[in-house]
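Have a look at the structure below before the remarks.
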Amino acid sequence: MKKPGSTEKKIYTRKDRLLEVRNLSTHFLLDDGTVKAVDNISFDLRKGETLGVVGESGCGKSVTSLSIMNLVPDPPGKIVGGNIFYYLDKNNSPVDIAALKRYSAEMRSIRGDEIAMIFQEPMSSLNPVLTVGNQIIEPIKLHQDKNNKQARKQAVEMLNLVGIGSPTQRLSEYPHQLSGGLRQRVMIAMALSCNPNLLIADEPTTALDVTIEAQILELMQELQDEFKMSILFITHDLEVIGEMCERVMVMYTGTVVEKAEIEDIFYNNKHPYTRGLLKSIPKIGEHRRLTPIEGSVPELKNLPDGCNFEPRCPESMDICVNQEPPTFIISKNQKAKCWLYRNNDREEELS
Amino acid sequence: MNENIKILKVTGLKKYFPIKKGVFRKTVGYTKAVDDVSFFARGEETLGLVGESGCGKSTTGRCIIRLLDPTAGKIELEKNGDYIDIARIEKNKLKNLRKDIQIVFQDPNSSLNSRMTVRDIVADPLKAHKIGTHQQRTEKVKDLLERVGLNSSQMDRYPHEFSGGQRQRVGVARALALNPRFIICDEPVSALDVSVQAQVLNLFEDLQDEFGFTYLFIAHDLSVIEHISDRIMVMYLGKIVEVAPSNEIYMNPQHPYTEALLGSIPDGDPHSTKVRKTFSGDVPDPSDPPPGCNLHPRCPYSSDYCRKVEPELKELPDHKDHYVNCHSAEELNLEGYQKSQQV
Ligand SMILES: Nc1ncnc2c1ncn2[C@@H]1O[C@H](COP(=O)(O)OP(=O)(O)OP(=O)(O)O)[C@@H](O)[C@H]1O
Ligand SMILES: Nc1ncnc2c1ncn2[C@@H]1O[C@H](COP(=O)(O)OP(=O)(O)OP(=O)(O)O)[C@@H](O)[C@H]1O
Ligand SMILES: [Mg+2]
Ligand SMILES: [Mg+2]
């Protein structure tokens, strides 16, 4: 399997911009308080790049991806601030997805032609009463202006591409007749059939067995080479991130605590939370006692005043208790939201 | 307890679930969830059980504690030098078994009664066995909660007021209440975040050091199982395909399925240039397993012989304690887990 870190580094320029998220906040306004599921996060994704999003359950990974798709359940959810700039192929000035109406023609066409998404649980996005064929062919007809025969031919090609044997037969089957691995492949085929520039993969292999996970990850890498798309790869599994991604952002309680290239996340990490995560994972062949992060993730309705990680942080200082840290620049490609780096420059608050 | 005593001996264990169809619920076939499995556990060891979803791990665990009645086979538990066959204990005498064997489940949310306080949850087994006075039970509950790293002042709260990791600790405290010797851990950390998973794994290790428990530790995460286990059993489609000490099985696997599992581990090292050796295809339906060796449709090394004749689990002649269920054991040059080569 090809490893992104081991191949030559790609060089990106301004022309490679695809997605720029700036100070995005998505909150859930509930009767008993506001859940700041995503709170003031910023990141970039470039053409052809795979960006990993990693963090523990409830830290805002899925809400980030739903925000980009403009599919946050509203009410109670709402994008309350910030921008999601998306650079369409055709022109140089981006659209701000955060400012589009959820069901506007423009947003629909972005969802159909530009951005596709695959989920952890394929059954939640496959329709159980429609055949696999129906679900792949209809969107192709809709978005690519093809007749039934052409769309069917493309559907068979897509199923072939994602490694599904006897594709013509599969077209007439229903999702429940397929194994978990096959369903995930069907979902990938559906997502790719519109030839998206951005694929959001939200825990695409978490529900799968390891041997099937390995097949799907390999498939995704091959397809990325072929389609030259960007991938936002969401997972809680750092080891999978290490295998799939060029850059990573680590999320904690709705915020991005560290952004860096994959090598730096593993070997030159700066945020105590990133370090804690890596030390918590058992490593094969190393029979040392694990050093867990103390405590557990706080409730999002009831966050500490200062740094959200402070109550669990082994390097906590006085300033951390009362003041939320800004994001400090470690190097051009590495940022950390931590007071330990208070002598560094701050990342600009607004672009 | 002597570490060399076999505290549990399982022989020829089978569990078939009938598949019923039609208005008359006629049995049309069987899911062979566990199909002729034999193994043993030594005192004070952690015996890992790993394999993909649906291979029969939980069913094996549930038969041992008799949450399920086995279809066939013996499950012998050592007691004061003698063995009693758990498979043959009558239903109304099962209660006593709980003093020896306990189970901790994967999902702390659904395995704890949400309408009971933590105090009542942990005291429940003591009450059921009429152990101690109310006051003594309260003392014991406090003690157990502190043991598993919870604050006993929180014992009058309900499960939903605790985090996932804390709820799992409550489940562990309940399992410890009757001082069992053998604990079945059915994916006890799979639902937990990694930072909390590490806390709970450490807890299991500490409790074993303190009380000398024997664990049957079920997991599907290959890093977790390697970390916690002394010996590991690999299961595939209702059968045990390989058993060996943990280091041995990772470095010197002798079954093609074990090799494929190890090859599937993402190594999480961006510097690594490891080329993965993975398996193609899906796990077959356990109601209709392939003939011969049930791995043959997916096995890259399979021969005509494998398609016809079923192999047996046998100890390797020159590797003590290493059991393999493959016709070609020791003939194939299989690859173990490779630590990534750093640049
Ligand atoms: N529809 C909703 N209503 C209320 N709160 C929500 C809703 N959806 C998400 N949240 C909250 O937003 C926070 C972030 O959730 P999100 O699903 O993004 O987490 P995640 O990082 O994807 O976690 P996981 O790893 O478990 O998938 C959580 O606290 C969650 O409870
Ligand atoms: N009560 C039951 N009735 C019918 N079939 C069952 C029952 N329990 C389990 N099975 C079947 O037996 C097989 C083995 O299931 P089991 O739960 O033991 O697998 P497992 O290895 O624990 O999987 P997982 O990793 O998903 O927990 C599966 O095919 C399952 O569908
Ligand atoms: Mg999620
Ligand atoms: Mg199970």
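The values are calculated or read from the model by the stated rules, or taken from the named source; none is laboratory data. Because the structure is predicted, anything quoted here is derived from the model rather than measured. Don't worry about glycine lacking a Cβ; one is built from the backbone with ideal geometry, like all the others, and counts go over all protein chains shown.
Tell me which residues, restricted to segment B:165-202, are within 17 Å of residue A:294 (Cα to Cα) and surrounded by fewer than 20 Cβ atoms within 10 Å (Cβ to Cβ). Show your work before the answer.
Of segment B:165-202, the ones within 17 Å of residue A:294 (Cα to Cα) are B:165-169, B:189, B:192-202.
The one that is within 17 Å of residue A:294 (Cα to Cα) and surrounded by fewer than 20 Cβ atoms within 10 Å (Cβ to Cβ): B:202.
Give me a count of the residues in segment A:17-59 that are in a strand (DSSP E or B), within 11 Å of ligand 1 (Cβ to nearest atom) and at positive phi. Give the derivation first.
Taking segment A:17-59 first, the residues in a strand (DSSP E or B) are A:17-30, A:33-46, A:50-54.
Subset that is within 11 Å of ligand 1 (Cβ to nearest atom): A:26-30, A:33-39, A:53-54.
Now restrict to residues that are at positive phi: A:33.
Residues flagged as in a strand (DSSP E or B), within 11 Å of ligand 1 (Cβ to nearest atom) and at positive phi within segment A:17-59 amount to 1.
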Residue match in segment B:98-105 (condition: assigned to a loop (DSSP other than H, G, I, E, B), surrounded by 14 or more Cβ atoms within 10 Å (Cβ to Cβ), within 16 Å of ligand 2 (Cβ to nearest atom) and within 14 Å of another protein chain (Cβ to nearest Cβ)): no
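Please verify whether segment A:72-79 includes one or more residues that are over 26 Å from residue A:227 (Cα atoms), within 14 Å of chain B (Cβ to nearest Cβ), in a loop (DSSP other than H, G, I, E, B) and away from ligand 2 (no atom under 16 Å from the Cβ). Explain how you work it out, then say what you get.
Step one: list which residues in segment A:72-79 are over 26 Å from residue A:227 (Cα atoms), which gives A:72-79.
Then drop every residue that is not within 14 Å of chain B (Cβ to nearest Cβ), which leaves none.
No: segment A:72-79 contains no residue that is over 26 Å from residue A:227 (Cα atoms), within 14 Å of chain B (Cβ to nearest Cβ), in a loop (DSSP other than H, G, I, E, B) and away from ligand 2 (no atom under 16 Å from the Cβ).
Hey, among the residues in segment B:183-236 that are among the hydroxyl-bearing types (Ser, Thr, Tyr) and more than 7 Å from chain A (Cβ to nearest Cβ), which one's nearest to residue B:106 (Cα to Cα)?
Step one: list which residues in segment B:183-236 are among the hydroxyl-bearing types (Ser, Thr, Tyr), which gives B:190, B:195, B:214-215, B:223, B:229, B:236.
Imposing the further condition that a residue be more than 7 Å from chain A (Cβ to nearest Cβ) reduces the set to B:190, B:214-215, B:229, B:236.
Details: B:190: 6, B:214: 18, B:215: 15, B:229: 17, B:236: 20 Å.
Out of the qualifying residues, it is B:190.
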Meets criteria (at positive phi, within 14 Å of chain A (Cβ to nearest Cβ) and either touching a residue at least 24 places away in the same chain (Cβ under 8 Å) or assigned to a helix (DSSP H, G or I) (or both)) for residue B:149: yes
Out of B:137, B:115, sole residue that is loosely packed, with under 14 Cβ neighbours inside 10 Å, in the same structural domain as residue B:98 (by TED's automatic domain parsing), more than 19 Å from residue B:103 (Cα to Cα) and not polar (S, T, N, Q): B:115
Residue check for residue B:67: surrounded by fewer than 16 Cβ atoms within 10 Å (Cβ to Cβ) and within 16 Å of ligand 2 (Cβ to nearest atom): yes
Matching residues in segment A:237-288 - criterion: being among the small types (Gly, Ala, Ser) and at the interface with chain B (Cβ under 7 Å from one of its Cβ atoms): A:242, A:276, A:280, A:285
Failed condition for residue B:109, given (1) at pLDDT below 90; (2) buried (at least 17 other Cβ atoms within 10 Å of the Cβ); (3) touching a Pro at 6+ places or on another chain (Cβ under 9 Å): (2)
Helices (runs of 4 or more DSSP H) contained entirely in segment A:229-331, each with at least 1 residues that are out of contact with any helix residue (DSSP H, G or I) (no Cβ under 9 Å at 6 or more places or on another chain): A:262-267, A:272-280, A:318-322
First in segment B:43-67 and within 14 Å of chain A (Cβ to nearest Cβ) and at positive phi, second anywhere and charged (D, E, K, R) and away from ligand 1 (no atom under 16 Å from the Cβ), Cβ under 6 Å, 6 or more apart: B:51/B:57
